[in-house]
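Working notes, beginning with the structure itself.
The values are calculated or read from the model by the stated rules, or taken from the named source; none is laboratory data. Every value quoted in this text rests on a predicted model; they were computed, and no experiment measured them. Counting neighbours? That spans all protein chains shown, and the Cβs are built from the backbone with ideal geometry, glycine included. The area values use the complete protein model at the heavy-atom level, side chains included, leaving out ligands, DNA and RNA. Shrake-Rupley method; radii C 1.70, N 1.55, O 1.52, S 1.80 Å.
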Amino acid sequence: MSLIPWLRWNETSPRLSSQSPAEMVLETLMMELAGQMREAERQQWERNNVGRKIRTGVDYSWLASTPRPTYDLSPGERLQLEGVCAKIHPSYCGSTILRFRQLMAEHQPEVQDVARLFLSVLQEVLEKMKQEEEAHKLTRQWSLRPRGSLALATFKTRARISPFASDIRTISEDVERDTPPPPRTWSMPDFRSPQAD
């Protein structure tokens with residue numbers, strides 16, 4: 001009995017590795033659009049049936065089957081949406097789908113309006129991506145600039161603080177000048193300031 005068939009479980013599927021992340025985002029977003037369009041068409045059909053049932057007073061829903069999808073995107077609309085979907089970064093794919101579903105639940109648009117709503121969501125996400133990229137650039141610029149502040153550097157050059165040099169005469173200074181220096185310790189060098197006499 002050969003063990004080779006049992007060891008194939010760890011091989012990767014060639015279908016998954018053949019798609020780039022951008023292609024996967026494009027496919028996922030377009031599948032979401034198609035699913036939402038089918039759902040909007042189904043809801044529109046149900047609303048029409050409820051209205052018809054109220055007007056006529058007769059329910060033939062058990063007899064009628066759900067119609068096949070009749071609305072489809074024009075090739076120009078599809079290409080435009082695919083072009084915008086291709087610009088979406090993979091990390092924004094999930095938030096784009098969530099925002100689209102949220103707007104679909106809030107507005108319950110007609111089938112013809114779903115593509116426009118989807119396009120507005122895509123443009124909103126692209127704008128958000130652009131703003132976050134600009135904020136990231138600014139953060140990077142601030143983190144890469146030198147740490148020294150210009151105000152601090154100009155202050156350092158203008159005023160130097162020297163604790164031992166002062167133009168203000170103090171009492172202790174006069175006392176120190178008039179007293180003879182203490183006897184020198186052998187371990188300390190003899191430092192005396194030249195006196196101007």
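Overview of values
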| read-out | value |
| --- | --- |
| Options GLU46, GLU39, GLU32: the member that is at pLDDT 75 or above and either open to solvent by 80 Å² or more (accessible area, probe 1.4 Å) or touching a strand residue (DSSP E or B) at 6+ places or on another chain (Cβ under 6 Å) (or both) | GLU46 |
| Qualifying positions in region 79-98 - free of Cβ contacts under 8 Å to residues at least 24 places away in the same chain and open to solvent by less than 60 Å² (accessible area, probe 1.4 Å) | GLY83, GLY94 |
| Those residues of region 90-119 which are in contact with a Pro (Cβ under 6 Å, 6 or more places away or on another chain) and either among the hydroxyl-bearing types (Ser, Thr, Tyr) or under 22 Å from ASP72 (Cα atoms) (or both), in sequence order | LEU117 |
| Failed condition for PRO163, given (1) modelled with pLDDT of 65 or more; (2) open to solvent by 100 Å² or more (accessible area, probe 1.4 Å) | (1) |
| Condition met for LEU63 (at pLDDT below 95, part of a loop (DSSP other than H, G, I, E, B) and closer than 22 Å to GLU23 by Cβ) | no |
| Of all residues making up region 99-140, the number that are of a type in the set (A, V, I, L, M) and surrounded by fewer than 11 Cβ atoms within 10 Å (Cβ to Cβ) | 3 |
